[in-house]
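Below you'll find the structure, written out as structure tokens, and then a few comments.
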Amino acid sequence: MKTTLTLNDQILQQARSRAAMEGITLSRYVEDSLRSRFKQEERNEGSFRLPLTIVRGDRPPSVDISNRDALYNVIDGS
């Protein structure tokens, strides 16, 4: 399908340069750019929300973290 777009001169020049560097037509470059933008919008629409569960517990034991044996005792429950 043919259509006419009015684009900023700098943006058009950048698009032409990038298309040439990639070895594709300007039309293909614009199509690919639009597809990429549509995909990005689709991903943002269905944003993932993780429900967080709050768990209340006891205060962790005081332990000197530089003492490896003391850490192992806490982990092992000794």
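Observations on the model:
- Conditions (1) at pLDDT below 95; (2) part of a helix (DSSP H, G or I): number failed by GLN14: (1)
Residue-wise test of (1) out of contact with any Ser or Thr (no Cβ under 7 Å at 6 or more places or on another chain); (2) more than 26 Å from ARG18 (Cα to Cα); (3) open to solvent by less than 80 Å² (accessible area, probe 1.4 Å).
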site: ARG37; (1), (2), (3): yes, no, no
site: GLN40; (1), (2), (3): yes, no, no
site: ARG49; (1), (2), (3): yes, yes, no
site: LEU52; (1), (2), (3): yes, yes, no
site: GLY57; (1), (2), (3): yes, yes, yes
site: PRO60; (1), (2), (3): yes, yes, no
site: VAL63; (1), (2), (3): yes, yes, yes
site: LEU71; (1), (2), (3): yes, yes, yes
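- Residue match in region 26-44 (condition: more than 30 Å from VAL74 (Cα to Cα), of a type outside the set (D, E, K, R) and part of a loop (DSSP other than H, G, I, E, B)): no
- Selection within region 14-33 - acidic (Asp, Glu), closer than 19 Å to THR3 by Cα and open to solvent by 80 Å² or more (accessible area, probe 1.4 Å): GLU31
- Output for region 50-78, where each listed residue is touching a residue at least 12 places away in the same chain (Cβ under 8 Å) and in a loop (DSSP other than H, G, I, E, B): PRO61
The values are calculated or read from the model by the stated rules, or taken from the named source; none is laboratory data. All values reported here derive from a predicted model rather than from experimental measurement. When we count neighbours, we look across all protein chains shown, and the Cβ atoms used for this are built from the backbone with ideal geometry, even at glycine. These accessible areas exclude ligands, DNA and RNA; they are computed on the full protein's heavy atoms, side chains included. Shrake-Rupley method; radii C 1.70, N 1.55, O 1.52, S 1.80 Å.
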